[in-house]
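The block underneath contains the structure these notes are about, expressed in structure tokens.
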Amino acid sequence: MLGFCEKCHDMVKYYIVEKKMEKNIKGKEIEYIGKVAVCDECKTEIFVADIRDYNLRMLDDAFREKEGLISVSEMELILGKYDIGKRPLSLLLGWGEGTLTRYLDGDIPTKQYSDILKTILNEPKHMKKLLEENKERITGIAYKRCSEALMSIEKESPMTVKSEDKIDHVVKYLLVNCSDITPLALQKLLYYAQGFFKAFTGEYLFHNNCEAWIHGPVYRSVYYKYKNYGYNPIEENEWDYTDIELDKIEKEILDSIIRNFGCYSGKVLEKMTHAEMPWSITRIGLGDDEGSDRIIEKGLIKKYFQDIKLKHNMLNISDISDYSIDLFNKLY
Ligand SMILES: [Zn+2]
């Protein structure tokens with residue numbers, strides 16, 4: 001790969017490294033993992049348009065994730081799923097006819113509009129109601145197309161739209177294979193899955209960052225999805241669990257997490273994560289009951305679980321039990 005280095009005054013070879021970046025949007029610090037191009041000769045950062053575009057996408061994703069807002073690709077899914085154009089859909093919703101066009105071009109919707117779109121994406125029934133109640137606002141052709149798309153969705157198995165996010169597949173796998181799991185426990189299992197997966201494979205299981213909330217590490221998008229369950233176990237229809245896309249090693253590590261941590265209640269798991277360095281370091285200076293959206297650095301999680309693996313001399317995934325048992329005995 002070649003790019004122009006201002007320092008070398010020449011086209012140079014460059015390599016790419018990941019870098020933690022921060023940007024203030026609407027008064028909020030958004031952290032994300034971006035990329036920078038580095039000159040092979042002099043090792044200074046150089047400008048590459050593709051990388052700038054990549055970073056802008058990552059920033060946009062991170063902002064939307066933090067705010068719980070719908071992404072552009074999810075909005076595109078809506079149009080495809082219901083075979084409807086952006087203009088007729090805006091009209092059905094009673095919005096200005098150019099509203100969705102602006103959102104698809106990158107404008108960020110308000111929370112209220114975003115929630116409406118998320119509901120439509122996930123619930124064909126809601127879309128059907130919207131279509132029937134407001135059909136006089138759109139052309140007969142647009143009505144017919146959307147109506148046919150809804151019929152074929154009803155005919156097929158009632159599956160939700162496939163989510164592209166790895167963490168959603170991990171969540172489904174945990175819910176299917178672990179009984180009586182509460183939102184609190186689910187968050188902790190995700191955290192341990194991320195930590196041990198990194199320690200054993202060198203890779204992160206999913207890209208999402210967790211935040212150091214009062215009750216332990218929390219993955220925000222998952223929190224919003226299941227918060228209505230409160231302290232009760234999550235129960236969903238069976239069809240919500242289909243289409244789990246995980247490979248063998250991912251499943252093996254999740255199985256071990258379920259065996260070794262899934263047996264504890266959310267409260268016990270909370271206490272465990274409170275005893276661990278990544279959460280406690282991130283919350284330095286905060287009171288016990290003080291809310292926080294500080295991100296627990298992936299680097300901290302990586303270091304902590306790497307150290308645990310070394311300290312307990314873990315060779316196999318099943319050795320994770322050495323840690324969970326040890327930690328439980330220390331706390332209780
Ligand atoms: Zn250079």
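The values are calculated or read from the model by the stated rules, or taken from the named source; none is laboratory data. Not measured: the values here are computed from a predicted model. Neighbour counts run over all protein chains shown; Cβ positions are idealised from the backbone, glycine included. Heads up: the accessible areas ignore ligands, DNA and RNA and are worked out on the full protein's heavy atoms, side chains in. Shrake-Rupley method; radii C 1.70, N 1.55, O 1.52, S 1.80 Å.
Output the helices (runs of 4 or more DSSP H) that fall wholly within the range 106-216 and possess 3 or more residues being under 25 Å from GLU67 (Cβ atoms) and not charged (D, E, K, R), or say none.
Hits in the range 106-216: 111-122, 124-133, 166-177, 183-201.
In the range 269-297, which residues are open to solvent by 20 Å² or more (accessible area, probe 1.4 Å), more than 18 Å from TYR223 (Cβ to Cβ) and not acidic (Asp, Glu)?
If the condition is that a residue be open to solvent by 20 Å² or more (accessible area, probe 1.4 Å), more than 18 Å from TYR223 (Cβ to Cβ) and not acidic (Asp, Glu), then LYS271, ALA275, MET277, SER280, ILE281, ILE284, GLY285, LEU286, GLY287 are the ones that fit.
Restricting attention to the range 293-316, which residues are part of a helix (DSSP H, G or I), closer than 26 Å to LYS267 by Cβ and aliphatic (A, V, I, L, M)?
Correct list: LEU300, ILE301, ILE308.
Condition test on TYR223, is it touching a residue at least 40 places away in the same chain (Cβ under 8 Å), under 27 Å from ASN122 (Cα atoms) and outside any helix (DSSP H, G or I)?
Considered against the rule, which asks whether it is touching a residue at least 40 places away in the same chain (Cβ under 8 Å), under 27 Å from ASN122 (Cα atoms) and outside any helix (DSSP H, G or I), TYR223 comes out as no.
Give all pairs with beta carbons closer than 9 Å in which a residue from the range 116-136 that is open to solvent by 40 Å² or more (accessible area, probe 1.4 Å) meets a residue that is modelled with pLDDT under 95 and of a type in the set (Asp, Glu); count only pairs at least 6 apart in sequence or on separate chains.
That search, which allows pairs on different chains as well, returns LYS118/GLU74; LYS128/GLU154.
Of the conditions (1) within 18 Å of CYS210 (Cβ to Cβ); (2) polar (S, T, N, Q); (3) modelled with pLDDT of 95 or more, THR282 clears all except one; give me its number.
(3)
Which of the residues belonging to the range 21-57 are of a type in the set (D, E, K, R) and open to solvent by 90 Å² or more (accessible area, probe 1.4 Å)?
GLU22, LYS23, LYS26, GLU41, LYS43, GLU45, ASP50, ARG52, ARG57
What's the total number of residues in the range 42-95 that are among the β-branched types (Val, Ile, Thr) and within 16 Å of the ligand (Cβ to nearest atom)?
Residues flagged as among the β-branched types (Val, Ile, Thr) and within 16 Å of the ligand (Cβ to nearest atom) within the range 42-95 amount to 4.
Being within 16 Å of the ligand (Cβ to nearest atom) and of a type in the set (Asp, Glu): is that true of GLU22 here?
No: the conditions fail for GLU22.
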